[in-house]
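Below: the structure, in structure tokens.
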Amino acid sequence: MTAQGFAHFALYDLQLIALGILVLLYAIKIRQLIRLPMPAEGTAADRATTDGRAVAASYASILTPTALESTRQHWGRWLAFAGYHLGILVAILATFTIPFTPALMTKPVRVFCAATILIGLLAGFLKIAWRLTIPELRVISKPDDFFGLAVLQLWFLVAIPAILLDHIGWLTVYFVITALLLVYVPLSKISHYIYWFFSRYLIGQKYGRRGVF
């Protein structure tokens, strides 16, 4: 297979295969979560509020850092969190726009994407430094936490030149790492974001039942 042929395979076939594996693994994981017994609620329902409004407020808390004491006291960590996850989001979106809607990837769009991913990369270095230097984080950090962070940092490092230069070599490496991540993420701690949707729903539902936002 030529370099051009392998690049085409990496951008299209390999990514679709990896996406299929990711969807299958997440379907199994979500099914397992749904089948778990719900904890009993002994508090009497407060009819003044609705569970739905409280659930919406629970999900919105991620965009309102002042609502949580932890983020009110540590704005730097919340900004790093936001920058890191925006970088991940843009790096993911680029894996779809580059092969399937290349006309959208104009030079200004490429520069914007690369700049956003760079912010995510810098935030990732901060996250690693905090895990190494903050006692409360260091004691709960395991090798797989650092491995996951390192893999994402490598992905960011490759994504920036791949998006900016649109070079076949960088793009091939970018999409090969993307495919590996798609398979690895559901099996790792990085899949915590799936649990986030369930936990925020349950928190909102329970506090809503008690009349609390």
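Any read-out appearing in this document is the output of simple, stated calculations on the displayed coordinates, not a laboratory observation. Just so you know, these numbers come straight off a predicted model, no measurement behind them. All Cβ positions, even for glycine, are placed from backbone atoms using ideal geometry, and neighbour counts span all protein chains on display.
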Among 207, 175, 186, which residue has its Cα positioned farthest towards the positive end of the charge dipole of the range 74-213, with +1 placed on the Cβ of Lys and Arg, -1 on the Cβ of Asp and Glu, and the dipole taken about the Cα centre?
207
The ³J(HN,Hα) series, computed from each phi in the range 75-92 with the Karplus coefficients 6.51, -1.76 and 1.60 at θ = phi - 60°, rounded to the nearest Hz and given as x for glycine or proline, is 4, x, 5, 5, 5, 5, 4, 5, x, 5, 6, 5, x, 4, 4, 5, 5, 5
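Which ordering of 36, 149 is given by a fewest-first count of other beta-carbon atoms within 10 Å?
The fewest-first ordering by Cβ neighbours comes to 36, 149.
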Taking neighbour Cβ counts within 10 Å as the exposure measure, how do 13, 145, 166 sort from fewest upward?
13, 166, 145
Cα long-axis angle, helix 168-184 against the chain (0 to 90 degrees, to the nearest 10)
30 degrees
Pull up all non-local amide H partners of residue 188: gap of 5 or more, or a different chain, and H-to-H distance under 5 Å with H placed in the peptide plane.
none
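Students often check this: by mean Cβ neighbours within 10 Å, which of 84-92, 124-132, 16-24 ranks highest, and how do the rest follow?
Output ranking for 84-92, 124-132, 16-24: 84-92, 124-132, 16-24.
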Under a Cβ-only charge scheme (Lys and Arg +1, Asp and Glu -1), can you give me the dipole magnitude of the range 74-213 about the Cα centre, in debye to the nearest 20?
580 debye
Relative packing of peptides 133-141, 169-177 - highest average C-beta neighbours within 10 Å first
169-177, 133-141
For the chain, longest principal axis from Cα atoms; helix 143-165 axis from its Cα atoms; angle between them, nearest 10 degrees, is 50 degrees
Based on the inverse mean of 1/r over its pairs of different Cα atoms, what is the Kirkwood hydrodynamic radius of the chain, in Å?
19.6 Å
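So what is the relative contact order of the chain, in percent, for Cα pairs below 8 Å that sit 6 or more residues apart?
42 percent
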Estimated [θ] at 222 nm from DSSP helical runs (n ≥ 4, -39500 (n - 2.57)) normalised by residues in the chain, nearest 500:
-24500 deg cm²/dmol
